[in-house]
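Structure record follows, encoded as structure tokens.
The values are calculated or read from the model by the stated rules, or taken from the named source; none is laboratory data. Values in this document were obtained by computation on a predicted structure and should not be read as measured data. Counting neighbours? That spans all protein chains shown, and the Cβs are built from the backbone with ideal geometry, glycine included. Heads up: the accessible areas ignore ligands, DNA and RNA and are worked out on the full protein's heavy atoms, side chains in. Shrake-Rupley method; radii C 1.70, N 1.55, O 1.52, S 1.80 Å.
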Amino acid sequence: MKIDEIQIRVRYGETDQMGVVYHGNYALYLEMGRIEWLRKLGISYKSMEENGIMLPVVSMSLNFKKSATYDDVIRVKTKLKKTPTARLEFEYEITNERGEILTLAYTTLVFIDMKTNKPTRAPQYLLEAINN
């Protein structure tokens with residue numbers, strides 16, 4: 001399945017009193033990975049919403065292996081788990097500059113029709129972009 005990778009430098013404000021990345025910031029890192037994954041397919045969250053589709057996260061799992069600290073450069077690898085239906089499932093691997101795994105994560109998002117506020121199938125343009 002389609003894989004994308006981004007690089008992020010940890011900012012001071014993302015760390016806690018112990019000097020490590022606060023766990024809540026990992027949700028933002030995963031979102032950054034998803035946004036860029038979509039963007040590289042030629043699709044943006046903004047355009048999806050303008051076309052009446054929302055993508056809320058309905059499930060997230062994080063497994064922390066090692067800590068990231070201030071000024072570390074981390075890589076977020078985002079991989080589509082399977083062809084989307086009404087769900088969009090990703091797995092992630094966050095590593096440091098030495099290639100050590102810091103975090104393994106999984107998210108499930110659901111395509112929601114903004115008019116009905118009900119789940120809907122993945123848009124055809126997304127399926128076509130994935131298959132190209």
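The label point for Q17 and the one for E36, both projected 7 Å from the Cα toward the Cβ, are 3.2 nm apart.
Of R121, R98, R11, the residue with the greatest mean-square motion in the GNM of the chain, using alpha carbon springs below 10 Å, is R98.
Surface composition of the chain: carbon and sulfur atoms hold 48% of the protein heavy-atom accessible area at a 1.4 Å probe. Of the whole protein surface, I101 contributes about 70 Å² of accessible area at a 1.4 Å probe radius. For Cα extents along the principal axes in Å, one of (i) 45, 29, 22; (ii) 51, 32, 23; (iii) 41, 33, 22 was computed from the structure I shared and the rest are decoys. Which label? From the options (i) 45, 29, 22; (ii) 51, 32, 23; (iii) 41, 33, 22, the structure gives (i). Placing dummy labels 7 Å off each Cα toward the beta-carbon, the span from I3 to E100 is 2.2 nm. Pairs of Lys residues in the chain are counted when their Cα atoms are under 18 angstrom apart and they lie 8 or more places apart or on different chains; the count is 12. Of the chymotrypsin sites (Phe, Trp or Tyr not before Pro) found in the stretch 43-92, those that fall in a DSSP loop while having at most 15 other beta-carbon atoms within 10 Å are Y70.
Relative to the present Cα-Cα distance, how much length would full extension add between T116 and K65 at 0.36 nm per residue of separation?
Between T116 and K65, full extension yields 14.3 nm more.
Relative to the current alpha-carbon distance between K77 and V58, full extension at 0.36 nm per residue lengthens the span by 4.8 nm.
Which distance in Å, rounded to a whole number, links the C-alpha centroids of the stretch 97-132 and the stretch 50-78? If we compute the Cα centre of each part, the gap is 12 Å.
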